[in-house]
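The next block holds one structure in the form of C-alpha cells; read it before the comments.
The values are calculated or read from the model by the stated rules, or taken from the named source; none is laboratory data. Please read these numbers as outputs of a predicted model, since none were measured by experiment. Every residue, glycine as well, gets a Cβ built from its backbone with ideal geometry; the counts of neighbours run over all protein chains shown. Keep in mind that these areas ignore ligands, DNA and RNA; they rest on the heavy atoms of the full protein, side chains included. Shrake-Rupley method; radii C 1.70, N 1.55, O 1.52, S 1.80 Å.
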Amino acid sequence: MATEQELSDFLKSVEKRAFKRSVYHVRNEEAALDIVQDSMLKLAEHYGDKPAAELPMLFQRILSNCTLDWFRRQKTRNALFSNMSDFEGPGDDGDDFDLLEAYSGLEETQTAQSAEDLARRAQVFRDIESEIQELPARQREAFLMRYWEEMDVAETAAAMGCSEGSVKTHCFRAIQTLSKALKARGIEL
C-alpha cells in the first residue's frame, strides 16, 4: 500500500509531463490543467490505497479517460451552443508553453550559443510541436506515451486500452508522418 508521502511524491513527479501531454491533446492550457487535477484527485480518492508500483499505470489510464471525457463534453457543448459563438473562450495564440523549457540547457563542456542559434533551436522546437499536434489523436497519444513518458509497449497498450501491436503501429505511423513533415520543413534530426 502506498503511503501518503509516496502518493504525493508520485504526483509531483508526473505533474509537468501529464500537463504537457494534456495540452498536446486538448490544445487548451486551462482545460489541460483541469484534466490533470481531476486525474490526480481520482487517483488519490479511488486508488490511494494501491501499491506504489501500480500508481503509474493507474494514473496513465485515469488521465486518458479524463481526456476522453473532456472531448465528449466538448462535443456535447459544441452541439448545444453551435450558434452561440460568444460562449466560446478566446482562441489560442500558439504560445501554450515555453518550448525551450524542454531543452535541459547547455552541458558543462559546451560554450554559450549565439542568439541566432538559440532562435533557430526555438523555431525547430515550435515546428516539432506543431507537427506533433497535427498527428491523429491515437498516434499522438501512443507517440507521447512511448517517447515523452518513456513507457514501454506493454504499459502504453494497457494505458490506451489496446493491443501492443496497435501501439507499435500507431508509433510507427506517427514517426513516419513526423519524419516526412519535418524533412519537408528542412529539419533533419
Item checked: Computed over the range 9-62, Cα set: Rg, Dmax in Å -> 11.0, 33
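Please compare each pair in Lys12/Lys168; Lys12/Lys75; Lys12/Lys50 to a cut-off of 22 Å on the Cα-Cα distance and tell me which ones are over it. Numbers along the way, then the final one.
Values: Lys12/Lys168 29 Å; Lys12/Lys75 31 Å; Lys12/Lys50 17 Å.
Over 22 Å apart, Cα to Cα: Lys12/Lys168; Lys12/Lys75.
Could you order the peptides 120-127, 39-46 from most to least packed, using the average number of other C-beta atoms within 10 Å per residue?
On the way: 120-127: 14.4, 39-46: 16.2.
Highest-to-lowest ranking by the protection proxy: 39-46, 120-127.
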Notebook entry, point to check: Got a sec to turn the phi values of the range 138-154 into Karplus ³J(HN,Hα) couplings, 6.51 cos²θ - 1.76 cosθ + 1.60 with θ = phi - 60°, whole Hz, x for Gly and Pro?
Noted result: 5, 5, 4, 4, 5, 4, 5, 5, 6, 9, 8, 7, 6, 8, 7, 4, 5
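Rounded to the nearest whole Å², what accessible area per residue is found for the range 129-189 with the 1.4 Å probe? Please report the intermediate quantities before stating the final value.
On the way: 3300 Å² over 61 residues.
Value for the range 129-189: 54 Å² per residue.
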